[in-house]
Amino acid sequence: MLASAILKVVYQKISSAIQDKMKVQEDFVDHLERMKMTLESVAALLNDAERRSVEEDAVRLWLKRLKDAMYGIHDMIDECEAGTKPAASTGFGGIGKTTLAKLVFNDTYFKDHSQVWIYVSQILNVNKIGNSIISQLSKEESKLNPNNNKKVMIVLDDVWEENDSQLNELKAMLPVIKGGKVVVIVTTRDEHIARKICTVQPYKLLPLSDETCWAIIKQKSDFEARDDKEYLCGGVALAAQALGYMLKPLTFGEWESVRNSDIWNASTSEQESLAHHNVLACLLKLCFAYCAFFPKGYKLEKNDLIYQWIAHGFIAASSIFSTRQYGENYAKHLLGMSFLQHSKDSSSPLKLYVASPAKIRALRFLGYGRTGIHGAAFSSAKYLRVLDLSECYIAKLPNSIGELKQLRYLNAQGVQDKVIPRSITQLFKLNYLNLGGSLITELPESFGKMKSLMHLNLSSCLKLVKLPKSFVDLKELVHLDLHNCRNVDIIPGLLVELKELAYLDLSKCIRVKATAEDLGGLAKLQYLDLSGTFMGKKIMFGLKKAMSNLTDLRYLGISAIRGLSAVEMDSFIDCVSLLSNLEHLKLSHNREMVSLPESISSLRKLRILDLSACNSIERLPEGMLKMHCLRILKVDNCYNLDMPTLSNIEVQSGGDSRSHHMLGHGNPDKSLKISGLECMRFPELSHSIERMRKQRTEKLELEWNRNDKTSLQEDIIILGELLPPMTLRYLKLHGYYNSVSFPAWLMSISQYLPNLVEIRMWGLPKCNSLPPFGQLPNLRELFIGGMDSVTKIGEGFYGGRGAFPKLWEFELRCMENLEEWKTVYSDLEHDVHAVMSVNLDRLTLQDCPKLRLKPCPPSAKHWEIENCDNVLTLWDEGTQTCASSTTLREVTVKYSNVPLHQWRLLHHLPALTSLRIEGCSNLKCSSQKIMQGFSALQSLHLEANEQPELPHWLGEVTTLRELDIRGYPDLQAPLEIMSKLTSLHSLCLFRCEAMTSTPQWLGELISLEELLISDCPKLKILHGSMQHLSSLQSLSVHGCDSIQSLPEYLGNLLSLRRIEITCCRGITSLPESIKKLTKLQDLHILECPELRRWCQLKENKKKLAHIERKL
């Protein structure tokens, strides 16, 4: 009877498969038909056979074999139906095959698939395709469904290969996932190829109608009113787009000339070719033809491509425009005609190898991995103009590089040697040089000989210490990228001669010493990034002075600026508001900034304003309503911001900068808050669930009232019903107080809510474990607090391999009983222990008094530890120092009751550059291991630590460049200690309320350039030792009413460039010696009425006549 049942099931399966011919190949349908007829014959014999099998062994054996065969057939059909499903679209070039494939690829229906995109083009290399599939799938593994029901989507774009054996090998190589599903989409011009590969009828894209082509032309040309529909494009979308863009600037007469030309008499294929050429100027044709050098889908930096065009002589300068400006224009044209496209997806090109003819002009290595370069590699390549080594392993750049006399473009990122050969300076025609990420410590002294250099990238050359003096000779330089060159001194005078600079990136350069003259002279500057710099007041004041000259600036990055108070930041942005052409202003991660000045509304051309992670900002000026060009406002992590309603502005709130709020503070169609869940009945619950589904909610807040004891249902039941849609990006749970666990959807959250970017959970006192948040592929911010029953964070929190791939910020607060956090997890597949998240930037631990981290510090660049003493102290001598801990740069410690010498955490932070200590009771320390943790320390902030004097270990921190002391009643310290701080450049003294005289040790700081004294109400005397501060350039005194006069020795501080006196009402005059300060450029006096009157007297104006700016 069992055999009958199995045969019946298999028979039905075959019948279903025959009916659904879309799922199987046509020849396989014939096999199924014959199999079905055979089973019908077998079925007629089964009843008699099963009756005879009781007594006859031969019949019993026949039935067993029949049963096994039926199982096999059943499994085979299952694998065919649920396995690999190739489909194809065909049509001639430019018709839209790739565009259609991208629409399918990006459709939300396939969001739960691991996705692979491969540009195949004319050379079909099965091994490379297989390797590319494996590589892309390995990167997508964190998105795979953990229940083995895996779904994969593969696009093979632009297949040309016609050889049957090659195509069969390609089909055989495509993966089959047992129990899963593989969708394969092929695009090809040849319908024969499509039929060979695919199991379904290929979809042939037909030419567009004349009306559709006309609509495209009108849209691209902006001539909506025209009705002359005589333009035919053979139904080719690409030709319509190119033609529309070409016609955009033409007059009506010129339109008629195009209409009457012979292009419309050509065949469809000829039109396709003519559309590519007739619209292009001669030199533009060469630039477009050069793009064929790259595989289809290859991602290029626009600047890199422009400099390669220049290297080949495809662009000629004129008396009006430079070669670079023409290059920008050519790139704009090719983009406008859709011949080039902006990169928007994560697809990867199939890397190909390029043959090298004898007189090669351009050489690029793709996919060479660890392949090295031979010493004489370039000795015979005399005609080479473009050399791209970016995908080679460059242990050392060979001396033969200097023999490439015609070279214009050199990309040699990641040189592993400490030096580059001196012969490189013989490349007199070189326009473009990229050495980013190299381990070089210096450049050749003769580097300035490369006078043709226009583009120089030295970003992330972390070991580079200095730039040669000849650097100032690079007068043609247009693009200079020094991002993350942490050890390079950007000294005064280095930039002043680089008058052609349009792009300057100094972000994360912590040794910027450039002056107003350096920056103010760069009148052509369009892009300036100073984010993450130790700006200090000198740079700020220099920038404020320079701002009036930077009239062409389009982009300004000043995020994560250190050393400025909220008032000073306000004053600085006032000056930024003078930049009338500014389009993009990045102010993110300025945590001291409370508001924006009203003057920012004068930036009439501003299109993008980034305030991300400005945690303290509370309001925006009303004048922003008049900023009609503003299109994007980024406010993610601005928790205290009271948002006004801003029409026509996209307000972005979310870790990956996608739109979260539209047209005001939150889109009501995408946000939903449900409170009072403890009293909610099921009819109301059903209404909320339906609303979530309909509006495709992106932001959801769920709240229970913790003080209400009349809950109608257990919290877990209510939450179990409230499964949000997959569109959810923000989830907040608050007050979930009567359940110890979470519902099933939350414990498998990555399957249900893969798009989550931010999670906030607060007040869940009975829950004793955490969901596997680590498997959320897009999670950027995670906040957990008030979970009193959680005692350990372990493997379950990570959920398996690849945990937290995008996590940027993690906070644990008020976890009173949390005893252990296991900071690594087991990757069983690779038999290793992995660290939590390589992208983690900020970690906050607050009020977790029992917490201990094991086995090593987690990977994060910035830590804040408040009232978590075990985190500081409970580290065994054998504790691991993970490689990830070398990324930790900044630590803030607040309200610790244990002595500093017990902070064993500092033993494991070798890269610590910034330390902030607030409200800690005992900073005495004699431990050498702690001092070793300070070996790279450059910035120290001490605030309200209840100490009678400064810690003696200060003298051991000889690398210190910035010292900020706040809330110390007095500043007593031995002279011999403070005299060791020979690298100190900036000193701030705030709220030293008992101090009557500046300390004597101040005169020992011989390298000090900036001094700020603020809110010291009893301060009367500026000690005479200050006259020895020969390097002092900026002196600011704020809120010190007891000072009656400034000392006469002020005139001895001959390096002074700026003096600022604010709210010091006791000061009534300036010393006579002020006339000696010939370098003094800025004098700012605010809220000092008597002193201001003194400055306005005629005889005193003469004393101040040499000062350029007086406020």
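With the structure loaded, tell me whether I440 is surrounded by 16 or more Cβ atoms within 10 Å (Cβ to Cβ), more than 25 Å from G532 (Cα to Cα) and either β-branched (V, I, T) or in contact (Cβ under 8 Å) with a residue 60 or more places away in the chain (or both) or whether it fails that test. For I440, the condition - surrounded by 16 or more Cβ atoms within 10 Å (Cβ to Cβ), more than 25 Å from G532 (Cα to Cα) and either β-branched (V, I, T) or in contact (Cβ under 8 Å) with a residue 60 or more places away in the chain (or both) - is not met.
Tell me whether the stretch 189-208 contains one or more residues that are modelled with pLDDT under 75, out of contact with any strand residue (DSSP E or B) (no Cβ under 9 Å at 6 or more places or on another chain), over 17 Å from L100 (Cα atoms) and surrounded by fewer than 19 Cβ atoms within 10 Å (Cβ to Cβ). Within the stretch 189-208, none of the residues are modelled with pLDDT under 75, out of contact with any strand residue (DSSP E or B) (no Cβ under 9 Å at 6 or more places or on another chain), over 17 Å from L100 (Cα atoms) and surrounded by fewer than 19 Cβ atoms within 10 Å (Cβ to Cβ). Screening L397, L387 for residues that are at pLDDT 60 or above and in contact with a strand residue (DSSP E or B) (Cβ under 7 Å, 6 or more places away or on another chain) leaves exactly one candidate, L387.
S165 - would you say it is crowded, with 20+ Cβ neighbours inside 10 Å and either small (G, A, S) or modelled with pLDDT under 75 (or both)? Criteria not met by S165.
Just one of (1) within 27 Å of K544 (Cα to Cα); (2) basic (K, R); (3) in contact (Cβ under 8 Å) with a residue 24 or more places away in the chain fails for K1102. It is (3).
Candidates in the stretch 85-119 are the residues that are in a strand (DSSP E or B) and within 27 Å of the chain's Cα centre (by Cα); of these, the one that is farthest from P725 (Cα to Cα) is Y119.
Residues checked against (1) among the basic types (K, R); (2) farther than 15 Å from E442 by Cα:
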position	(1), (2)
M454	no, yes
K463	yes, no
F471	no, no
N484	no, yes
I490	no, no
L501	no, yes
L504	no, yes
K508	yes, yes
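Quick one: which residue in S1069, S1073 is in a loop (DSSP other than H, G, I, E, B), without any contact (Cβ under 8 Å) to a residue 60 or more places away in the chain and under 23 Å from C1040 (Cβ atoms)? Every option except S1069 fails the conditions.
Would the stretch 984-995 turn up any residue that is aliphatic (A, V, I, L, M), assigned to a strand (DSSP E or B), touching a strand residue (DSSP E or B) at 6+ places or on another chain (Cβ under 7 Å) and in contact (Cβ under 8 Å) with a residue 12 or more places away in the chain? Yes, the stretch 984-995 contains at least one residue that is aliphatic (A, V, I, L, M), assigned to a strand (DSSP E or B), touching a strand residue (DSSP E or B) at 6+ places or on another chain (Cβ under 7 Å) and in contact (Cβ under 8 Å) with a residue 12 or more places away in the chain. Total residues in the stretch 970-1002 satisfying the condition of being loosely packed, with under 15 Cβ neighbours inside 10 Å and closer than 17 Å to Q947 by Cβ: the figure is 4. The criterion of being modelled with pLDDT under 75, farther than 30 Å from I123 by Cβ and assigned to a loop (DSSP other than H, G, I, E, B) does not hold for G253.
Yes or no, residue by residue, for (1) in a loop (DSSP other than H, G, I, E, B); (2) of a type outside the set (S, T, Y):
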| position | (1), (2) |
| --- | --- |
| M761 | no, yes |
| I784 | no, yes |
| S789 | yes, no |
| G800 | yes, yes |
| F804 | yes, yes |
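Can you spot a residue in the stretch 477-494 that is more than 30 Å from the chain's Cα centre (by Cα), outside any helix (DSSP H, G or I) and within 19 Å of R324 (Cβ to Cβ)?
Within the stretch 477-494 (the criterion being more than 30 Å from the chain's Cα centre (by Cα), outside any helix (DSSP H, G or I) and within 19 Å of R324 (Cβ to Cβ)), the answer is no, since none of the residues qualifies.
With a requirement of 1 or more residues that are of a type in the set (D, E, K, R), modelled with pLDDT of 75 or more and in contact with a Gly (Cβ under 7 Å, 6 or more places away or on another chain), the strands (runs of 3 or more DSSP E) lying completely within the stretch 863-955 that satisfy it span 890-894, 939-943. For the structure I just gave you, tell me whether V576 is at pLDDT below 90 and under 21 Å from K545 (Cβ atoms). When the stated conditions are applied, V576 passes them.
For every residue, the table says whether it meets (1) over 42 Å from the mean Cα position of the chain (by Cα); (2) under 22 Å from W1001 (Cα atoms); (3) of a type in the set (S, T, Y).
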{"residue": "L1022", "(1), (2), (3)": "yes, yes, no"}
{"residue": "S1031", "(1), (2), (3)": "no, yes, yes"}
{"residue": "D1041", "(1), (2), (3)": "yes, no, no"}
{"residue": "E1048", "(1), (2), (3)": "yes, yes, no"}
{"residue": "L1070", "(1), (2), (3)": "yes, no, no"}
{"residue": "C1088", "(1), (2), (3)": "yes, no, no"}
{"residue": "K1098", "(1), (2), (3)": "yes, no, no"}
{"residue": "L1104", "(1), (2), (3)": "yes, no, no"}
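Scanning the stretch 699-739 for residues that are in a loop (DSSP other than H, G, I, E, B), at pLDDT 85 or above and touching a Ser or Thr at 6+ places or on another chain (Cβ under 7 Å) yields P724, P725, T727, L728. For L1008, the criteria (1) touching a Cys at 6+ places or on another chain (Cβ under 9 Å); (2) closer than 23 Å to T913 by Cβ hold in every case but one, which is (1). Within the stretch 425-432, one or more residues are assigned to a loop (DSSP other than H, G, I, E, B), over 30 Å from the mean Cα position of the chain (by Cα) and of a type in the set (K, R).
Taking each residue of the stretch 382-398 that is touching a residue at least 60 places away in the same chain (Cβ under 8 Å) and in a loop (DSSP other than H, G, I, E, B) and looking for partners that are crowded, with 21+ Cβ neighbours inside 10 Å and aliphatic (A, V, I, L, M) with beta-carbon atoms closer than 9 Å, six or more apart or interchain, yields R385/A311; R385/L404; R385/L407.
Of everything in the stretch 825-846, what is over 21 Å from R780 (Cβ atoms) and either modelled with pLDDT of 90 or more or not in a loop (DSSP other than H, G, I, E, B) (or both)? Give them in sequence order.
Across the stretch 825-846, the qualifying residues are S826, D827, V832, H833.
Against the list (1) in a loop (DSSP other than H, G, I, E, B); (2) surrounded by fewer than 14 Cβ atoms within 10 Å (Cβ to Cβ), the condition R1093 fails is (1).
The values are calculated or read from the model by the stated rules, or taken from the named source; none is laboratory data. Nothing here was measured: the structure is a model prediction, and the numbers come from that model. No Cβ is skipped: glycine too gets one built from the backbone with ideal geometry, and neighbour counts run over all protein chains shown.
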